[in-house]
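**Student:** One structure, pasted below without further comment.
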Protein chains: 2
Amino acid sequence: MTVLISKKPEHETIYLRVKEMILFGEVVPGQPVTIHGLADLIGTGVTPAREAIRRLTAEGALVTLENRRIAVPAMTTRRLQQIELVRLTVEPELAEAAVAYVSQNDINELERLDSLVDDAIKGGDIRGYLEANYRFHFHLYHLADAGILRRIAESLWLRVGPSLRVVCGRYGTANLVDHHRAAIQALRQGDAQKTREAMTQDIRQGMGFIQQTATD
Amino acid sequence: MTVLISKKPEHETIYLRVKEMILFGEVVPGQPVTIHGLADLIGTGVTPAREAIRRLTAEGALVTLENRRIAVPAMTTRRLQQIELVRLTVEPELAEAAVAYVSQNDINELERLDSLVDDAIKGGDIRGYLEANYRFHFHLYHLADAGILRRIAESLWLRVGPSLRVVCGRYGTANLVDHHRAAIQALRQGDAQKTREAMTQDIRQGMGFIQQTATD
DNA sequence: TGCTCGATAATTTGATCAAAAGTGCCGTGA
DNA sequence: TCACGGCACTTTTGATCAAATTATCGAGCA
């Protein structure tokens, strides 16, 4: 019965749910995560919750403390440096590789997502901004045939999500700037180099913004 | 009873065991991995085996097929390109960052490990080569205070382990060259730039070697 | 021979339970 | 007041079982 429910296993559902919670700033750095708490949240047993937590821990989205507790890691300048280095390698490459595959439909979708980003910024909607910004970037990255790079990028976004939430909450969304327009224009022209540069600028901008939350 | 056994949970033990099996070429690309098979291998229940598999899957060491089967992924040139790009970003950075922390004891240990590498090459001992080579690199990488980069590097090594085994088995160990001596000398001189360059050369060399197994 | 269909076997998935380990609170005694 | 120890509660961990899903293999048929 209930043939319409997803074919995904439960642990996949929990994984995706928690992943979005982290990416879109619904959790706070330092916040503890318990197996049973997750199971209750989704209304399922502890077994799939455990598997989802292991997966997120392996991706660096969660950390296991010295005892056996699990928590969302806090940001430090050292961590931020490492993340920026790899983001600046991986994401411009993904954007450049996407140029060869981008279609008119993709351009339209990217423009739609970018307008959602702008709306969220104007409206001060932090969660909406984080989600639209993520979807813009990863719609583009999905076009590139580069699963390894994309998964590294996702892992890095998971690490900055909570901090981005904090900094947006502190300084508001008004100061947010992005280079999505330049990227879209470069994509439309099929200019790989310009696409890469727009993405590089976008990342530098965002990481500089996050810098303000880094402790020590 | 057995108070001397490790304080690690079972799933951690299984994870480390399978990780070494993959890193050191004890598994073949395409080889299926079953949850019960792992449990039997270690002599434990299926629950911790599942958690270990989820973790390795999240790290890209294993892949889930279209059905629910788990397997060791095969290498392709596209995957190899992506891995090389990130390795060339992350590992020279780790090596350079390690320079500031390296002690005389570390130098001695690196020389010992490098001699193990040479012995394994001379003796045609593939497993010994893979293990000593890994320990050389990651002893160095552990010195750098850069857990995020190191974990990315480990994830990438997990992806090349099975292929490295295949190519060594096919062409033997005689053709293996490395730049460990140059790296050690640069470390001894405290020359960060030279250390970075030696590591870059070492990676290029190794990835070129693996290229020979890539399909399509 | 080559093919489909169906039954059996193997595997994953998720719930549940018991044991181990950790946390925090509260009262006693100096 | 404060240190210390006991006790209850929470959480993780691993085993086990049932259900669901998938693979495998063989019989029947054109």
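The values are calculated or read from the model by the stated rules, or taken from the named source; none is laboratory data. These numbers come from a predicted model, not from an experiment. Ideal geometry is used to build each Cβ from the backbone, glycine not excepted, and the neighbour counts take in all protein chains shown.
**Student:** Please enumerate the residues belonging to region A:41-56 that are closer than 15 Å to B:Leu56 by Cα and within 11 Å of DNA strand C (Cβ to nearest atom).
**Tutor:** A:Arg50, A:Glu51, A:Ala52, listed by residue number.
**Student:** I need the full set of residues from region A:35-48 which are outside any helix (DSSP H, G or I) and at pLDDT 95 or above, in order please.
**Tutor:** none
**Student:** Would you mind finding the one in A:Glu51, A:Glu111 that is assigned to a helix (DSSP H, G or I) and away from DNA strand D (no atom under 14 Å from the Cβ)?
**Tutor:** Sole residue among the options that is assigned to a helix (DSSP H, G or I) and away from DNA strand D (no atom under 14 Å from the Cβ): A:Glu111.
**Student:** Let me ask you something else. Name every residue in region B:57-80 that is touching a residue at least 24 places away in the same chain (Cβ under 8 Å), more than 8 Å from chain A (Cβ to nearest Cβ) and more than 8 Å from DNA strand C (Cβ to nearest atom), in order of residue number.
**Tutor:** Correct list: B:Ala61, B:Leu62, B:Ala71, B:Val72, B:Pro73, B:Ala74, B:Met75, B:Thr76, B:Thr77, B:Leu80.
**Student:** Shifting gears a bit: Only one of (1) under 15 Å from the mean Cα position of the chain (by Cα); (2) outside any loop (DSSP other than H, G, I, E, B) fails for B:Ala61. Which number is that?
**Tutor:** Of everything listed in (1) under 15 Å from the mean Cα position of the chain (by Cα); (2) outside any loop (DSSP other than H, G, I, E, B), B:Ala61 misses just condition (2).
**Student:** What are the residues in region A:43-66 that are β-branched (Val, Ile, Thr) and over 22 Å from A:Trp157 (Cβ atoms), if any?
**Tutor:** Correct list: A:Thr44, A:Val46, A:Thr47.
**Student:** Please indicate, with yes or no, whether at least one residue in region B:154-164 is out of contact with any Gly (no Cβ under 9 Å at 6 or more places or on another chain), of a type in the set (Asp, Glu) and either more than 14 Å from chain A (Cβ to nearest Cβ) or not in a helix (DSSP H, G or I) (or both).
**Tutor:** The answer is no, given that none of the residues of region B:154-164 is out of contact with any Gly (no Cβ under 9 Å at 6 or more places or on another chain), of a type in the set (Asp, Glu) and either more than 14 Å from chain A (Cβ to nearest Cβ) or not in a helix (DSSP H, G or I) (or both).
**Student:** State whether the residues of region B:99-113 include one that is of a type in the set (Val, Ile, Thr), at negative phi, touching a Ser or Thr at 6+ places or on another chain (Cβ under 7 Å) and more than 10 Å from chain A (Cβ to nearest Cβ).
**Tutor:** Scanning region B:99-113, I find at least one residue that is of a type in the set (Val, Ile, Thr), at negative phi, touching a Ser or Thr at 6+ places or on another chain (Cβ under 7 Å) and more than 10 Å from chain A (Cβ to nearest Cβ), so the answer is yes.
Condition check ((1) surrounded by 21 or more Cβ atoms within 10 Å (Cβ to Cβ); (2) free of Cβ contacts under 8 Å to residues at least 60 places away in the same chain) across all residues:
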site: B:Leu140; (1), (2): yes, yes
site: B:Ile152; (1), (2): yes, no
site: B:Trp157; (1), (2): yes, no
site: B:Ala182; (1), (2): no, yes
site: B:Gln185; (1), (2): no, yes
site: B:Gly190; (1), (2): no, no
site: B:Gln193; (1), (2): no, no
site: B:Arg196; (1), (2): no, no
site: B:Gln201; (1), (2): no, yes
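**Student:** Limited to region B:159-175, what total is found for residues that are under 8 Å from the mean Cα position of the chain (by Cα) and surrounded by fewer than 17 Cβ atoms within 10 Å (Cβ to Cβ)?
**Tutor:** So the count comes out to 0.
**Student:** What single numbered condition from (1) surrounded by 12 or more Cβ atoms within 10 Å (Cβ to Cβ); (2) under 21 Å from A:Lys8 (Cα atoms); (3) within 11 Å of DNA strand C (Cβ to nearest atom) fails to hold for B:Leu38?
**Tutor:** Single failed check for B:Leu38: (2).
**Student:** Taking the condition in the same structural domain as B:Gly190 (by TED's automatic domain parsing), more than 12 Å from DNA strand C (Cβ to nearest atom), assigned to a helix (DSSP H, G or I) and of a type in the set (A, V, I, L, M), does B:Val90 pass?
**Tutor:** It is true that B:Val90 is in the same structural domain as B:Gly190 (by TED's automatic domain parsing), more than 12 Å from DNA strand C (Cβ to nearest atom), assigned to a helix (DSSP H, G or I) and of a type in the set (A, V, I, L, M).
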